[in-house]
Amino acid sequence: MCLVVDFVIEPAQATPAKMHLEQLVLSIPCLLGSASASCPGTNSCKAAPGSRAWPSPGAWNALNSTVGGRLLAPAPPGAVCHPDQPTYNPEQCPAAQRGWSSYDWHAADPVSMMMDQFANDTCLPNAQYPCSGKGYPIYVVNATTASHVKAAVDFGAFCIHSGAGPALGLG
């Protein structure tokens, strides 16, 4: 999934120099998927942690350096309500539960989605249900400039086409 929040280009005479990017968030996993035609004879063409196609830690570190430390690994927003999650916080849980039906609350979180089904309801702010990050991106780039966006897209395109993040000095 790719999530873009508040992408604003000034009307009329918009040029690259005049672009105004506010809180643009790119979901890296969307860039790591690819069309099935590029992987004939396989069951899946999407890189996943632990798979051969998943970028190495060095590749992720290189991307983080390229985007000025803006590579994030956020937890699912509902995880604050689950005692078995590292980000469990009983003081923040009520705010997550109150905000869950608010567009603005979701828009402020880099991995949250207003429609729970797009994350497969994998981590709702209710401890009666299981929580996993499987429906959420593992990494996101909090891109605020066009160069951040370009670096994230280039990184994802490289991973798709080569299937090997460590090459070309990324690993």
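What follows draws every value from the coordinates through simple rules; no lab data is involved. Because the structure is a prediction, the values reported are computed rather than measured.
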Please list, in chain and number order, the residues 5+ apart from SER132 or on another chain whose amide H is under 5 Å from its amide H, with Hs placed from the backbone. CYS123
For region 75-137: rounded, prolate or oblate by the Cα gyration tensor [a/c cutoff 1.5]: oblate
Return the long-range amide H neighbours of TYR139 (sequence gap of 5 or more, or a different chain), with a cut-off of under 5 Å between placed amide H atoms. ILE28
